[in-house]
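Please treat every number below as a calculation from the coordinates, not as lab data. None of the values given here were measured: they were computed from a predicted structure. Cβ atoms come from the backbone with ideal geometry, glycine included; neighbour counts cover every protein chain shown.
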Amino acid sequence: MDYTRLITILIPAYNESASLPKLHSALSELADKLDKYRWEFLIVNDGSSDNTAETLEKLRSTDSRISYINLSRNFGKEAAMLAGMDHAQGDAVVIMDADLQHPVSAIPRMIAEWEKGYDDVYGKRLSRGKEPWLRKKFSMLYYSLLQRNTKINILPNVGDFRLLDRKCLEAMKSIRETQRYTKGLFCWIGFKKCPVEYETNDRENGVSSFRFSNLLGLAMEGITGFTTSPLRIASVIGFIVSAIAFIYLIIVIAKTLFFGEPVQGYPTLLCVILILGGCQLLTIGIIGEYIGRIFNETKHRMPYIVMDYKSSRFDKKTDFTGDPQ
């Protein structure tokens, strides 16, 4: 039997100690069925405050296919995924969440499409599970706005659950942005893509640590990272307001010349000042978002720091990283 092809399952985890044993059991069952491949289960512990690290050590003592990375603190999911990509050893890498919302049963279909020659086999949600109605609407509105204002095709209802060929993985590793929007980067790198539809499962344990503020921040990363449309919109708003103000100025001058003007106009003056001030603050805020990202990128800090790394093939410990091994 040919065991030349290695598949890595990459799992970012934050406070998922209760879910990991169930996920490992499901992945082990999958690996036993698809035994023509070699398998690596790579879990990135993103500075969890529970006993995720101890759970990983215990699981690894029973399964040599498990690799894990302990980050020195919570750097966020985007950085955790990059850490996993840097250390993944597979010919193909499947990225999935640790909360079992991504069905393990979809992985064989992804592998089948990969074997047909597709480089990026992405999971496409048929539904968004028990996600609140308002959050669903905001998500769809966000994808619609982003799609209209960027030159690349940002896929809606598509998350991080996907299989990447090694060539896609190397392309993703070469992008060392610290302000990362990985969903957009998957689309930006191109390559031959194929969807695999799936139903989102409910979380097995706990609640999502991704709050509305986190989602809003991620949305800002997507908008500012893949389009300069907000700056253009600010310019258009400034032009329109300036044009209206100029026309109003002509009207006031003409009215004064022909009809005279008593000492009045306080409400009008106040409204004009408020409108202009609001537009100026809006524009400054948009510009500030971009300047803040420029500031963070120019510091050239490593995206993450590895405290401990244990491989399925060999043991290695390090106290720093952030660049590919």
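Data overview
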| quantity | calculated |
| --- | --- |
| Cross-link table Lys58/Lys192; Lys124/Lys173; Lys58/Lys183; Lys183/Lys299; Lys124/Lys299, entries beyond 30 Å C-alpha to C-alpha | Lys58/Lys192; Lys58/Lys183; Lys124/Lys299 |
| From phi via Karplus (6.51, -1.76, 1.60), per-residue ³J(HN,Hα) for region 30-41 in Hz, x at Gly/Pro | 5, 5, 5, 6, 9, 7, 7, 10, 8, 10, 10, 9 |
| Sum of side-chain charges, Val196 neighbourhood, beta-carbon under 10 Å (Lys, Arg +1; Asp, Glu -1) | +1 |
| Net charge of Cβ neighbours under 12 Å - reference Cys168; Lys, Arg +1; Asp, Glu -1 | +1 |
| Protection-proxy order for peptides 32-45, 289-302, 187-200, 70-83, each taking the mean of Cβ atoms within 10 Å per residue, highest first | 70-83, 32-45, 187-200, 289-302 |
